[in-house]
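So the structure is just underneath, and the comments pick up after that.
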Amino acid sequence: MNTTSPEAAPAATGRIVLLTTSHRVAPGLLSWPAWQALRSADSVLCADGAHPQLPYLREAGIRVVEASPTAEELVDACAGGRTVVVVATGEGEPALTDGLARLAGSGRVSMPELELLPASYDLPGARLLDLVQVMDRIRAECPWSSQQTHKGLAKYGIEEAYELVEAIEEGDRDELREELGDVLLQVVFHARIAEEDPDAPFSIDDVAGTIVSKLIHRHPHVFGDETASTPEEVKEHWLRTKAQEKQRESVTDGIPLGQPGLALAAKLASRVRTAGLDVPLPSTDGIGYELLALAVRAEAEGVDPEAALRAAGRAYRDAVRAAEGLEG
């Protein structure tokens, strides 16, 4: 007869679920695994009594206790195989997770099962919401930004566009990312100012809605029944639908005359060529007309005259620096 008593079964250590959510997704829109974890938990804790998820959790019948337990207290709360869900605050509970990591690393504590459960995920473009929120605050609290107008910012839009072009031509990926952000800032800034217009206000959502509608309408080969198999056919669709929208009398309507001269000449030549018009160049003498002829020729050959001149300018700059004994 065996008189030795069997070993006692180890006590169940339970489970801790750290539930993270994105502030860029509407509160209450949680994943199914998140709802399952919340409904099956023995207790649900949240350190932030103003957490945006709490009203929706309580509406769903989930009891949430406002508490900020230490790592030791949380482990104790899981004793007996209990499951505790912690609804993480916006900071992600770094003090709690660091404490749990220290306990686990000590080897002196039987740790519960730890699970990080993302309850909602950012969709592509979600960080744009952060930009809108930051711009709202800057507009309200920054002494300089709060006084800016569309006219006052216009010059920065031009500068940022040229810096973006330079980053593209230089092939610097980090610079490209930064300059794209600077251009995007101009759009969001102007839209934020426009919200305050007492007569014709509009928001960044109106701006986005307008360009979405335009893109859909001008791409009937993507969103409609028409077909286009070449870039030329796509451009024809674009110009035709644009002409219908704007109801313009001339192919030159809508071309900004204040843009750099070579770009203006190339744009005019492009419109003329696309429309199938036969318009001879002015025969007047002068360097301006010679530049016009060169720009038209460049456009016909598929060369951007502004970019070509900038490339030549950079080569000339390097030659000047070399003559000065400087590095390029």
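Residues in region 300-320 that are exposed (fewer than 12 other Cβ atoms within 10 Å of the Cβ) and over 24 Å from Glu232 (Cβ atoms): Ala312, Gly313, Ala315, Tyr316, Arg317, Ala319, Val320. When Ala312 is tested against (1) touching a residue at least 12 places away in the same chain (Cβ under 8 Å); (2) within 36 Å of the chain's Cα centre (by Cα), exactly one condition is not met: (1). Restricting Leu129, Leu96 to residues that are farther than 23 Å from Val17 by Cβ and either assigned to a helix (DSSP H, G or I) or within 18 Å of the chain's Cα centre (by Cα) (or both) narrows the list to Leu129.
Which is surrounded by 15 or more Cβ atoms within 10 Å (Cβ to Cβ) and assigned to a helix (DSSP H, G or I), of Leu103, Leu117?
Leu103
Rundown of residues vs (1) in the same structural domain as Gly181 (by TED's automatic domain parsing); (2) touching a Lys or Arg at 6+ places or on another chain (Cβ under 9 Å), yes/no style:
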{"site": "Val109", "(1), (2)": "no, no"}
{"site": "Glu113", "(1), (2)": "no, yes"}
{"site": "Asp130", "(1), (2)": "yes, yes"}
{"site": "Gln133", "(1), (2)": "yes, no"}
{"site": "Arg139", "(1), (2)": "yes, yes"}
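On inspection, Arg297 fails the criterion of being surrounded by 11 or more Cβ atoms within 10 Å (Cβ to Cβ) and more than 24 Å from Val279 (Cβ to Cβ). The set of residues in region 240-268 being over 28 Å from Lys155 (Cβ atoms) and part of a helix (DSSP H, G or I) consists of Arg240, Thr241, Ala243, Gln244, Glu245.
Scanning region 269-289 for residues that are within 23 Å of Lys214 (Cβ to Cβ) and modelled with pLDDT of 85 or more yields Ser270, Arg271. Selection within region 8-53: residues that are aliphatic (A, V, I, L, M) and over 22 Å from Cys78 (Cα atoms). The member of this set that is surrounded by the most Cβ atoms within 10 Å (Cβ to Cβ) is Leu30.
Do the conditions hold for Leu281, that is, is it over 30 Å from Val222 (Cα atoms) and crowded, with 16+ Cβ neighbours inside 10 Å? No; evaluated as a whole, the condition is false for this residue. Looking at Glu324, Glu290, Glu299, which one is outside the structural domain of Lys155 (by TED's automatic domain parsing), in contact with a Lys or Arg (Cβ under 9 Å, 6 or more places away or on another chain) and of a type outside the set (Gly, Ala, Ser)? Answer to the selection: Glu299. Just wondering, is there one or more residues in region 216-226 that are among the aliphatic types (A, V, I, L, M) and either part of a helix (DSSP H, G or I) or in the same structural domain as Leu291 (by TED's automatic domain parsing) (or both)? Yes: one or more hits. For Ala307, the conditions (1) in contact (Cβ under 8 Å) with a residue 60 or more places away in the chain; (2) part of a loop (DSSP other than H, G, I, E, B) are fulfilled apart from (2).
Of the residues in region 136-182, how many are in a helix (DSSP H, G or I) and either within 30 Å of Val303 (Cβ to Cβ) or touching a strand residue (DSSP E or B) at 6+ places or on another chain (Cβ under 9 Å) (or both)? Counting residues in region 136-182 that are in a helix (DSSP H, G or I) and either within 30 Å of Val303 (Cβ to Cβ) or touching a strand residue (DSSP E or B) at 6+ places or on another chain (Cβ under 9 Å) (or both) gives 27.
Taking every residue in region 225-250 that is surrounded by 10 or more Cβ atoms within 10 Å (Cβ to Cβ) and pairing it with any residue that is polar (S, T, N, Q), at least 6 positions away or on another chain, the pairs with Cβ-Cβ distances below 7 Å are Lys235/Thr274; Leu239/Thr274. Kindly evaluate Ser110 against the criterion of being polar (S, T, N, Q) and farther than 29 Å from Ile62 by Cα. So Ser110 does not fit the description; no.
Which helices (runs of 4 or more DSSP H) sit wholly inside region 24-90 and have at least 1 residues that are without any contact (Cβ under 8 Å) to a residue 24 or more places away in the chain and within 22 Å of Glu113 (Cα to Cα)?
Numbers: elements: 32-40, 54-59, 71-77.
Of the helices (runs of 4 or more DSSP H) lying wholly inside region 24-90, those with at least 1 residues that are without any contact (Cβ under 8 Å) to a residue 24 or more places away in the chain and within 22 Å of Glu113 (Cα to Cα) span 32-40, 71-77.
The values are calculated or read from the model by the stated rules, or taken from the named source; none is laboratory data. As the structure is a computational prediction, the values presented were derived from the model and not from experiment. All Cβ positions, glycine included, derive from the backbone under ideal geometry; neighbour counts span all protein chains shown.
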